[in-house]
1. Within the stretch 218-269, which residues are of a type in the set (Asp, Glu) and over 14 Å from the mean Cα position of the chain (by Cα)?
2. Under 6 Å between Cβ atoms, at least 6 apart or on separate chains: pull out the pairs that start in the stretch 120-137 with a residue that is in contact (Cβ under 8 Å) with a residue 12 or more places away in the chain and end on any residue that is among the basic types (Lys, Arg).
3. Going by the conditions given, is ALA73 among the small types (Gly, Ala, Ser), surrounded by 20 or more Cβ atoms within 10 Å (Cβ to Cβ), part of a strand (DSSP E or B) and at pLDDT 95 or above?
4. Of all residues being in a loop (DSSP other than H, G, I, E, B) and either among the small types (Gly, Ala, Ser) or open to solvent by 20 Å² or more (accessible area, probe 1.4 Å) (or both) in the stretch 87-108, which is nearest to ASN64 (Cα to Cα)? Just the residue, please.
5. Has the stretch 46-54 got at least one residue that is more than 19 Å from the chain's Cα centre (by Cα), surrounded by fewer than 21 Cβ atoms within 10 Å (Cβ to Cβ) and at negative phi?
6. Answer with yes or no whether THR190 is open to solvent by 20 Å² or more (accessible area, probe 1.4 Å), among the hydroxyl-bearing types (Ser, Thr, Tyr), more than 25 Å from ARG40 (Cα to Cα) and over 14 Å from the mean Cα position of the chain (by Cα).
7. Can you name every one of the strands (runs of 3 or more DSSP E) wholly within the stretch 109-222 that holds 1 or more residues which are touching a strand residue (DSSP E or B) at 6+ places or on another chain (Cβ under 9 Å) and not hydrophobic (A, V, I, L, M, F, W, C)?
8. Quick check on this structure: which one of PRO13, PRO79 is touching a residue at least 12 places away in the same chain (Cβ under 8 Å), under 23 Å from CYS264 (Cα atoms), open to solvent by less than 60 Å² (accessible area, probe 1.4 Å) and touching a Lys or Arg at 6+ places or on another chain (Cβ under 9 Å)?
Amino acid sequence: MSLVFSGVCSHAPGITGRADRAPVEQKEALYAAFDDMRARLHATRPDAIIVIAAEHFANFFMNNMPAYAMGMADGYDGPIEDPAWLAIPKRRAKGDPDLSQRLIAEVQQSVDVAFAEEWRFDHGIMVPLHFLDPHNELTVIPANINCQGPPLTPLHRAWAFGEALRRAADSVPERIALVGTGGISHWPATPDSGRINEAWDRDFLDRWSRGDKAAMLDYTDAQTYAEAGQGGFEIRTFIAAAAAARGRGTVHYFEPIPIFAVGCTVATMEIA
């Protein structure tokens, strides 16, 4: 059929695990934005959702770190973290090996992508699913861009991956939704955790909302690391989502919430 939905959102574990420590107004506004995104997503009646995430060494490590990977299992268990810490109960998300295989085969026409028949979800996927699929209804196809272990894939290749996902979605009869998840500026698991560069975040979201490919790709990893922390490398997932949609984006919510350790974002993009 086609790609029917594209959006991006934050996936920081504190969004659920430290919810009771955030300012109530900020938390409620963020949760309302997730609720609205869920309604927009389900209104498109997707047969499956591709979740582009940055995997946090739960499945891939430095002995075998693919630049891109997609899941090809009939189900995925998560969260890998302690459910009490993340405040998300364990579940088994539905997969579709046949659909995954068809999508992967088309993506491989232009991007070399690894695939995995075993994949455990960490907070990078489970936090978005907690809000966007609370009743465990959606068929999920995980996709990973290495944002953790340098050398990282260049930004223009993250764009190419998004283009390949769009081509693949348009090649199958199923209705496909896509969500890119990550942070923008953040410094996870460091003494600077909780630091947020709001100006940098807003500038990136402006480039993203305009669908400005050249502006989105005009970052070096050294600049991103200095201004947005190692968590800023996750802009690759947002870039891939923009490349898939090719339209203009709307930021429905952005607010720095230090106890969540990230500038929390919920946004959607027109499918062009």
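The values are calculated or read from the model by the stated rules, or taken from the named source; none is laboratory data. Source: prediction; values computed, not measured. Note that we place each Cβ from the backbone using ideal geometry, even for glycine, and neighbour counts take in every protein chain shown. Heavy atoms of the whole protein, side chains included, go into the accessibility calculation; ligands, DNA and RNA do not. Shrake-Rupley method; radii C 1.70, N 1.55, O 1.52, S 1.80 Å.
1. Scanning the stretch 218-269 gives ASP218, ASP221, GLU227, GLU255.
2. Hits for this filter: LEU132/ARG38; ASN136/ARG91.
3. no
4. Top of the filtered list is GLN108.
5. No, the conditions are met nowhere in the stretch 46-54.
6. yes
7. The strands (runs of 3 or more DSSP E) meeting that bar are 140-145, 175-182.
8. PRO79 is the lone residue from the list that is touching a residue at least 12 places away in the same chain (Cβ under 8 Å), under 23 Å from CYS264 (Cα atoms), open to solvent by less than 60 Å² (accessible area, probe 1.4 Å) and touching a Lys or Arg at 6+ places or on another chain (Cβ under 9 Å).
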